Amino acid sequence: MTRSILLCLVAVVISCTGTAQKKVEKEKKTYAVSKTNAEWKEILTPEQYYILRQAGTESPYSSPLNKTYASGTFYCAACNTPLYESKHKFDSGTGWPSFDRAVKGNVDQDVDYKIGYARVELLCGTCGGHLGHAFNDGPRDTTGWRHCINGDALVFESKKTDK
């Protein structure tokens, strides 16, 4: 009996370390805007650097952009790429600015396993800065997606009105 249990344990350990479990190294995408860490630190606040360059997450409800609904555009705080339009913003109740879609072609997707399971990571398509994650619990009457974005990754510019 002891031999059978020991044999089963060895089989489990071997199967967990097989090549199927190893991360596949993929090629790093080259972005149009590329800087050294020192250069990013010069132009970003410590909070922006933590979010955009180290894939951090701000505290929920900490960003004033969470409740910003004026007409305008949300830009990448690192490279000024237009990422989200306010007309696609909604209150998800999560504490982070949420959108049901990005400006077409300006946000890249990747997969991250940082918390133990696969999540859709959202990155600026111009500089590769970490923005947040996408979840499939967004508004069903539009895209069904929720882009949960760190406010420190964004800069908002209101739409200019004609007089």
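Just to confirm, what accessible area per residue do you get for the range 80-135 at 1.4 Å probe, in whole Å²? Numbers along the way, then the final one.
Numbers: 2430 Å² over 56 residues.
Per-residue value: 43 Å².
What does the charge dipole of the range 104-163 about its Cα centre add up to, to the nearest 20 debye, if the Cβ of each Lys and Arg holds +1 and the Cβ of each Asp and Glu holds -1?
On the way: 8 positive and 9 negative charges, 46 e Å.
Dipole of the range 104-163, to the nearest 20 debye: 220 debye.
Looking at the range 39-98, which chymotrypsin sites (Phe, Trp or Tyr not before Pro) are DSSP coil and have at most 14 other C-beta atoms within 10 Å of their C-beta? Don't jump to the answer; show the numbers that get you there.
Numbers: sites: Trp40, Tyr49, Tyr50, Tyr61, Tyr69, Phe74, Tyr75, Tyr84, Phe90; in loops: Tyr61, Tyr69.
In loop regions of the range 39-98 (DSSP not H, G, I, E or B), the sparsely surrounded chymotrypsin sites (Phe, Trp or Tyr not before Pro) are Tyr61, Tyr69.
With bins 10 Å wide starting at 0, give me the P(r) of the range 32-163 over every alpha carbon pair, in whole percents.
Pair shares across the bins are 13, 45, 34, 7, 1, 0.
The values are calculated or read from the model by the stated rules, or taken from the named source; none is laboratory data. Owing to the predicted nature of the structure, the values given are computational and were not obtained by experimental measurement. Heads up, the Cβs are rebuilt from the backbone with ideal geometry, glycines too, and the neighbour counts pull from every protein chain shown. Ligands, DNA and RNA are excluded from the accessible area calculation, which covers all protein heavy atoms including side chains. Shrake-Rupley method; radii C 1.70, N 1.55, O 1.52, S 1.80 Å.
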